[in-house]
Amino acid sequence: MIFSADLEIGVDEVDDMEFPVEQFLVALANLEDSDPAIEDVDITATLATGDILITMCVQADDLAEAGQKLVATVRSALHEIGDGTAGWEQIARDIHEACMNVRAPSRHLAQT
């Protein structure tokens, strides 16, 4: 299945261009090129607030796997540009827990 996924991160000093937005996008594009499960990567940066929204399509078996792929991809791109990702283990756990109730559609819905 293909999932539309997005993740918002906050960075410090994006308004002074301390955070390398263009390098981050290139790192995400490189991951997209090397991983057939990732497509249509894009980012939107709000310089005034330091918010960066990362969007992509993720091919995965279920919602939980798509969430984990999203987190792993963003984290890999951040590492590629030399940024740390302390505390991301909790984000990964939160995504997994939020997806715990995902289940296959009922047989009635699957047949329609």
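The values are calculated or read from the model by the stated rules, or taken from the named source; none is laboratory data. Predicted model, so just to flag it, every value in this text is computed and none were measured. In this analysis, Cβ positions are derived from the backbone assuming ideal geometry, glycine residues included, and neighbour counts consider all displayed protein chains. Heads up: the accessible areas ignore ligands, DNA and RNA and are worked out on the full protein's heavy atoms, side chains in. Shrake-Rupley method; radii C 1.70, N 1.55, O 1.52, S 1.80 Å.
Which residues, counting only those in segment 22-39, are open to solvent by 40 Å² or more (accessible area, probe 1.4 Å), over 12 Å from Ile81 (Cβ atoms) and not in a strand (DSSP E or B)? Once the filter is applied, which keeps residues that are open to solvent by 40 Å² or more (accessible area, probe 1.4 Å), over 12 Å from Ile81 (Cβ atoms) and not in a strand (DSSP E or B), segment 22-39 yields Glu32, Asp33, Ser34, Pro36.
Quick check on Asp42: is it outside any helix (DSSP H, G or I), open to solvent by less than 80 Å² (accessible area, probe 1.4 Å) and modelled with pLDDT of 90 or more? The answer is yes for Asp42. Annotation: Phe19 fulfils all but one of (1) free of Cβ contacts under 8 Å to residues at least 60 places away in the same chain; (2) outside any helix (DSSP H, G or I); (3) of a type outside the set (D, E, K, R); (4) open to solvent by less than 20 Å² (accessible area, probe 1.4 Å); the unmet one is (1). Look at Glu8 and say whether it is modelled with pLDDT under 90, part of a strand (DSSP E or B) and loosely packed, with under 15 Cβ neighbours inside 10 Å. So Glu8 fits the description; yes. For segment 50-83, taking the residues that are over 13 Å from the mean Cα position of the chain (by Cα) and either part of a helix (DSSP H, G or I) or loosely packed, with under 15 Cβ neighbours inside 10 Å (or both), the one that is modelled with the lowest pLDDT is identified as Gly82.
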